Amino acid sequence: MVDTVLVTGSTAIDQTGLYEGSFEEYQSDYPINAMNVSFQLGGMKTSFGGCAPNIAFGLNLLNIPAIPLSSAGRNFYDRYEAHLQSCGVNTDYITVDEEVESCATCLMINDRDGNQVIGFYPGPKDPKRHLPSELPMIDQIRLAILGPEEPELTLRQGRDLAKLSVPIMADPGQVTAEFDRRQTRELIALASYLVVNTYEFEVIKANAEMNDEDIRAAVPEIVVTRGEQGCDIYQGPNARHIDAAKASIVVEVTGCGDAFRAGYAYGILSKFDVNKRAQLGCVMAMRNLGATETQRYHIDEAELLALRESIYA
């Protein structure tokens, strides 16, 4: 029986613009009023993305079968489906809503320092979406990653997984602010792992009306990613910091969080200690930083382990 990871979340076609200046400098020079801003972009591109395929792509590179459970619009058929299949990603459970033209879309503007402004359209709400328990390989699922999707759909899937005693990594991402108090608290209660960035962690605390200690008592393992500062890991009262794996060149910041999650999930399934899991996640993020697009970096299991050993020796 092959250990498999189930990954829910959006299947997206991303639009990314490059602002060649710094958001921080822009805000200093031109004080922002009610988010009314205008940037001259130095570049614009379209790329394949979405948390479910991104994480599945990274895990498949590491020889971990990963199944995206997601919904898409009709433009998934144009080139995205064939791309994922060529990368070895199972597309059987990405259901296409024929009534909706577009997949989820992430509109991003990146500045020269790696900061982002993001607008996110979550894509179709396909009523045909399978529950995890309906999948034929459900007995092989050893970990489920609940990526960013509409809160009630996320919780419905989480409840289903909890009945099956499948450990859940909660990753609400861009949708974090859409969870109300009840929904946020339920997501926390379902999670064995919570992986969020600094901003998302603050939103979770505010929406749940809980402080750090409350959340750390509720979730066995919390990872807060901090970009170039690495990440912090909390297990109850214990906290530790892992430095980022410094990239020699930064080409694209989009998708680094998903690459990190793939490395971290690989570490969980490999039963590595928490330090090594986080370090592997940081190495995956580093490799993503050097690629032109989220699903264009290359690494395998042996190289990942060797890089982690050399960087964190």
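I'd like the Karplus ³J(HN,Hα) series for the stretch 109-119: coefficients 6.51, -1.76, 1.60, θ = phi - 60°, whole numbers in Hz, and an x wherever there's a Gly or Pro.
After applying 6.51 cos²θ - 1.76 cosθ + 1.60, I find 10, 9, 9, 5, 9, x, 7, 9, 10, 10, x Hz.
Between the stretch 177-242 and the stretch 40-56, what is the C-alpha centre distance in whole Å?
26 Å
Step by step: find N for the stretch 147-202, compute 2.2 N^0.38 Å, then divide the Cα radius of gyration by it. What's the final number?
1.02
L194's amide H: which non-local residues (gap 5+, or another chain) put their own amide H closer than 5 Å, with H modeled 1.01 Å from N in plane and none for Pro or chain starts?
Those lying under 5 Å, H to H, from L194 are A170, E221, I222, V223.
From the P(r) of the chain, could you give the percentage of C-alpha pairs in the tail past 30 Å?
29 percent
Sort H298, H130 so that the residue with the fewest other Cβ atoms within 10 Å of its own Cβ comes first and the one with the most comes last.
Fewest to most other Cβ atoms nearby, the residues stand as H298, H130.
Per-residue HN-Hα couplings for the stretch 282-294, Karplus 6.51 cos²θ - 1.76 cosθ + 1.60 at θ = phi - 60°, whole Hz, x for Gly and Pro?
Calculated HN-Hα couplings, in order: 5, 5, 4, 4, 4, 5, 4, 4, x, 9, 6, 9, 4 Hz.
For the stretch 56-193, what is the per residue volume of the convex hull drawn over the alpha-carbon atoms, in cubic angstrom?
It comes to 141 Å³ per residue, whole-number rounded.
Please count, across the chain, the pairs of lysine residues with Cα atoms under 30 Å apart that sit 8 or more places apart or on different chains.
Step by step, the pairs that qualify in the chain add up to 13.
Please report the base-10 log of the normalised intensity I(q)/I(0) for the stretch 80-132, using a Debye sum with one equal scatterer per alpha carbon and no solvent, at each q in 0.17 (1/Å).
-0.76
Only Cα pairs within less than 10 Å get springs; with that Gaussian network setup on the chain, which residue of P65, P31, P172 has the largest fluctuation?
Most flexible of the set in this elastic network: P31.
What's the long-distance tail for the stretch 221-313, i.e. % of Cα pairs beyond 17 Å?
43 percent
At each listed q (0.22 Å⁻¹), what is the log10 of I(q)/I(0) that the Debye formula gives for the stretch 46-115 modelled as equal alpha-carbon point scatterers?
-0.96
The numbers here are math on the coordinates, done by the rules we state, and not lab data. Just so you know, these numbers come straight off a predicted model, no measurement behind them. A quick note on method: Cβ atoms are made from the backbone with ideal geometry, for glycine too, and the neighbour counts reach across all protein chains shown.
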